[in-house]
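One structure is given here, and the rest of the page talks about it.
The values are calculated or read from the model by the stated rules, or taken from the named source; none is laboratory data. In this text, all values refer to a predicted model and were calculated from it rather than measured experimentally. Quick reminder, even Gly has a Cβ in these numbers, built from the backbone with ideal geometry, and neighbours come from all protein chains shown.
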Amino acid sequence: MDHTSPLEKLIRAALLAIVIIFFMFPIAWIVLMSFQTNESILRIPPSLIFTPTIENYVALITGEMRTAAGSLKLDFMRNLWNSVLLSSASVAVSLLLGVPAAYAFARFKFRLGEDIAFTLLSFRFAPPLLVLLPLSLYFKTLGLTNTYIGLIWVYQLICLPLILWIVRGYFEDLSPDIEHAHRIAGYNWFQTFWKIAIPLALPGIAAAGLLAFIFAWNNFVFALVLASADKQPVTVGALAFVTASGIQYGQIAAAIIFSIIPTFVLAMFAQRYLVEGLSLGAVKG
Amino acid sequence: MNQLAIRSLSKSFGAFKVFEGLNLAADSGEIVVIFGGSGTGKTILLRMIAGVEEPTSGHVEIAGENATDVAPEHRGIGMAFQNFALFPHMSASENIAAPLRAARAAEAEVESGVSRVARLLKIDHVLGHTPRELSNGQKQRTALARALAAEPKILLLDDPLRNVDAKLRFEMRLELPRLLRQSGATVLYVTQDYKEAMALADRIAVLSGGKFVQVAAPEDIYMAPATLTVAKLFGDPSINMVETTVRTAGKSATVDILGESVEIPASYAAYAGRKVAFCVRPEAVSLAHKSDGLHCEVQAVTPLNERVVLLLKSTGGWEFLSSLPSSAAIPTTGEKLRASFASKGTHLFDLETGERLDG
């Protein structure tokens, strides 16, 4: 039965509309900007009426930026590829290391266990710049400056603690009896981890992986300091739009649209894993 | 040879001792019920036998071999958990098939094995369902089926009827003994329900205060409880008790029940002067209008199944219960009678040690 009055429905709709407008406005504005030339963006007063152009997108794809001062080389597509590569590789490495570690922290009591887990979390407390200075010196010595491997390694500072702590919580929520039952049924430790713990924690692993991906994707300062142009992700690459002859707003907007797409697609895909409650009903509460 | 034995098994968490020096042996095909209240460590004991919990000291023997270094998957044990612990992402049939697949059985064997136990437990119509779609009773049966599937030599059942409704519990109490006998396994069955224990057990091991206070056949536990605790745990309505002292007069022995002297078998004369708990089972209390016996008055009459329970009060104020068959002549509330106590259901326990005194 529906108990909501028409007035309540109306208020609810109005509130929802306000929230949606509030959050969607910047994105809508950027979408509009990306189809305008710099001149029409900067005209005063601003107007919603303009002749759409795909010039900005063409410039990004072809890698040629025409400004008032002339044509500039642009490596945006390369940056985008770097972002995809760095973020996915970092998350993959983090999952590979973090998920088993999370399981260990959740299930086994060992000496200094809590301290190690907390130390890993504390990596997220320190301002990145504090870490970067000594790190850049080490990287120079080790020959890791401006390499994908070096960056993926540093990105573990972002991804690993996140995955470790989120996934650990999920493992802790699983009833150990389910795993015990599987062991007693005749499976060894690893089979139980693989067939029971991982599938049941999958929503958590997916959520942690997605979050880690977004954090890695949005990182700016590590790549700025430790990599040069050909290895830099979009966040750093966007600096190129600030040219001697002005800021290329239209192209920035188009670049933003491009760089949202991967995380957006990933979030849509992971959504079905994010639905919790897979383990409900297995254990009497 | 014992199929299963535990040797001076102890478990403590820090300074807290759950139990200490437990010894128990079970023969092939024997059903041993481990009975005890909550928090006595029954579940921990089963987990240790299954190998998923480490004992603080002592060890478990399976088929005469020390199993300390044997991993849970190699112990050849089937176990049903109190919370069922079904694999939530697998169907009921995959749950039941798990132990068979682990033993690398051929697909045809897995199928026939699953359908055999499913038919036995009457869950063959829900095999395709996931645990979430099963009722509590079906979950419980699935868990039991999974434990039985690989025909283990040892079966550990951790209060499997705890989380099912009363009707199903009653049905299962009738079905289980046959099922367990059929499996031929050595069964350790944990419960806090004394009726379940009496119905299922070849022997009952009463766990209390961190040790087995009595390990004996159900009749012996009931008729000759080793301690006051055991006497109180078994029986519904529970045993009547009053604190008193044994006295002797010539050859006979008596106890004083709040000012009134009651004769007890002369063999108790040896305990003259001993402070005791005088205990009598409600069904051993008989009531009559006669010249001897404890004076008492009926306070309340409550029918309970096929028996009637009477609350009585002696002249001195001792309140006790009598349980009579419904077919007997039932006194009415307010009626004054004399009560006498059949020696078979009457026990004296030392008040200090709690141990039963032989009469």
Answer yes or no: is there a residue in region B:65-83 that is touching a Pro at 6+ places or on another chain (Cβ under 8 Å), in contact (Cβ under 8 Å) with a residue 40 or more places away in the chain and of a type in the set (D, E, K, R). no
Suppose the filter is in the same structural domain as B:H125 (by TED's automatic domain parsing) and at positive phi; does B:A85 pass it? yes
As an exercise: evaluate B:G137 against (1) more than 10 Å from every other protein chain (Cβ to nearest Cβ); (2) at positive phi and give the number of the one condition it does not meet. (2)
So B:E111, is it among the acidic types (D, E) and either buried (at least 16 other Cβ atoms within 10 Å of the Cβ) or under 30 Å from B:F19 (Cα atoms) (or both): no
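So, B:V276, is that one at pLDDT 90 or above, within 30 Å of B:K195 (Cβ to Cβ) and outside the structural domain of B:A201 (by TED's automatic domain parsing) or not?
In short, yes.
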Restricting to region A:133-145, name every residue that is surrounded by fewer than 19 Cβ atoms within 10 Å (Cβ to Cβ) and part of a helix (DSSP H, G or I). A:L133, A:P134, A:S136, A:L137, A:Y138, A:K140, A:T141, A:L142
Subset of region A:147-170 (residues that are surrounded by fewer than 17 Cβ atoms within 10 Å (Cβ to Cβ) and either without any contact (Cβ under 8 Å) to a residue 60 or more places away in the chain or over 18 Å from the mean Cα position of the chain (by Cα) (or both)): A:T147, A:I149, A:G169
A:F171 vs (1) within 14 Å of chain B (Cβ to nearest Cβ); (2) closer than 28 Å to B:V70 by Cα: all pass except (1)
Has region A:238-255 got any residue that is closer than 17 Å to A:I152 by Cβ, assigned by TED's automatic domain parsing to the domain that holds A:T147 and either part of a loop (DSSP other than H, G, I, E, B) or touching a residue at least 12 places away in the same chain (Cβ under 8 Å) (or both)? no
How many residues does region A:43-95 contain that are under 30 Å from A:L151 (Cα atoms), assigned to a helix (DSSP H, G or I) and of a type in the set (D, E)? 0
Note on B:F81: of the conditions (1) out of contact with any helix residue (DSSP H, G or I) (no Cβ under 7 Å at 6 or more places or on another chain); (2) within 9 Å of chain A (Cβ to nearest Cβ), unmet is (1)
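Quick check on A:I11: is it in a loop (DSSP other than H, G, I, E, B), farther than 17 Å from A:I256 by Cβ and more than 34 Å from the chain's Cα centre (by Cα)?
Answer is no for this residue.
Restricting the search to region B:51-107, which residues are of a type in the set (D, E, K, R) and under 12 Å from A:A185 (Cβ atoms)?
Once the filter is applied, which keeps residues that are of a type in the set (D, E, K, R) and under 12 Å from A:A185 (Cβ atoms), region B:51-107 yields B:E73, B:R75, B:E94, B:R101.
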Test: B:V52 is of a type outside the set (S, T, Y) and either under 19 Å from the mean Cα position of the chain (by Cα) or at pLDDT 95 or above (or both): no
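Restricting attention to region B:46-71, which residues are within 14 Å of another protein chain (Cβ to nearest Cβ) and either hydrophobic (A, V, I, L, M, F, W, C) or over 16 Å from B:L188 (Cα atoms) (or both)?
Listed by number, the residues that qualify are B:L46, B:M48, B:I49, B:A50, B:V52, B:E53, B:E54, B:V60, B:I62, B:A67, B:V70, B:A71.
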When you look at A:G63, is it surrounded by 12 or more Cβ atoms within 10 Å (Cβ to Cβ), free of Cβ contacts under 8 Å to residues at least 24 places away in the same chain and of a type outside the set (A, V, I, L, M, F, W, C), yes or no? yes
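Out of A:A185, A:A201, A:A207, A:A181, I need the residue that is within 12 Å of chain B (Cβ to nearest Cβ) and within 16 Å of A:A102 (Cα to Cα). Which one?
A:A201
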Those residues of region B:103-132 which are under 23 Å from B:L188 (Cα atoms) and facing another protein chain (nearest Cβ under 9 Å), in sequence order: B:A103
